[in-house]
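Have a look at the structure below, then the notes.
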């Protein structure tokens, strides 16, 4: 996975908050449909949960351009050959990993998420892992 030219590992994405790690592609219709839900979650809960998008089989520059046009403000990385996607157990797009603050993958979801799905899955798999509980 890369941010520009530098390789990035999941451990590099951990910052003390649980992580919602979404593998997507600009050519994937269901991926594009779920971008607003991920953006809404990031806007509403970015102080407690980190959201990161990983563009698979897309160049980072074109993925960023596409995401910017869609209003995405969360962090983006690229996996142009899909190597990390395969290593993470992805077999279809979109795939979202719900990762605890310590790096443990708590849940692996294949398929698009809407607002309700995202809220429910975070509540079920990451709620008790938050650094700043309400």
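Being part of a helix (DSSP H, G or I) and over 20 Å from residue 35 (Cα atoms) is the filter here; which residues of segment 96-128 pass it?
Hits for segment 96-128 are 124, 125, 127, 128.
On the basis of being over 16 Å from residue 114 (Cβ atoms), under 12 Å from the mean Cα position of the chain (by Cα) and buried (at least 21 other Cβ atoms within 10 Å of the Cβ), does residue 38 make the cut?
No; evaluated as a whole, the condition is false for this residue.
Can you confirm whether residue 134 is loosely packed, with under 14 Cβ neighbours inside 10 Å, at pLDDT below 95 and either within 22 Å of residue 16 (Cα to Cα) or within 12 Å of the chain's Cα centre (by Cα) (or both)?
Criteria met by residue 134.
Could you figure out which of (1) surrounded by fewer than 15 Cβ atoms within 10 Å (Cβ to Cβ); (2) in contact with a strand residue (DSSP E or B) (Cβ under 7 Å, 6 or more places away or on another chain) isn't true of residue 65?
(2) is the only condition that residue 65 fails.
Quick check, is residue 78 in contact with a strand residue (DSSP E or B) (Cβ under 8 Å, 6 or more places away or on another chain), within 14 Å of residue 23 (Cα to Cα), free of Cβ contacts under 8 Å to residues at least 60 places away in the same chain and surrounded by 21 or more Cβ atoms within 10 Å (Cβ to Cβ)?
No; evaluated as a whole, the condition is false for this residue.
Which count do you get for residues in segment 47-73 that are in a loop (DSSP other than H, G, I, E, B) and either more than 15 Å from residue 31 (Cα to Cα) or in contact (Cβ under 8 Å) with a residue 40 or more places away in the chain (or both)?
So the answer is 5.
Just to verify a result, which residue in segment 82-95, among those that are more than 12 Å from the chain's Cα centre (by Cα) and part of a helix (DSSP H, G or I), is surrounded by the most Cβ atoms within 10 Å (Cβ to Cβ)?
Of everything passing the filter in segment 82-95, 84 is surrounded by the most Cβ atoms within 10 Å (Cβ to Cβ).
The values are calculated or read from the model by the stated rules, or taken from the named source; none is laboratory data. Computed from a prediction, not measured in an experiment: that's the story for all the values here. Heads up, the Cβs are rebuilt from the backbone with ideal geometry, glycines too, and the neighbour counts pull from every protein chain shown.
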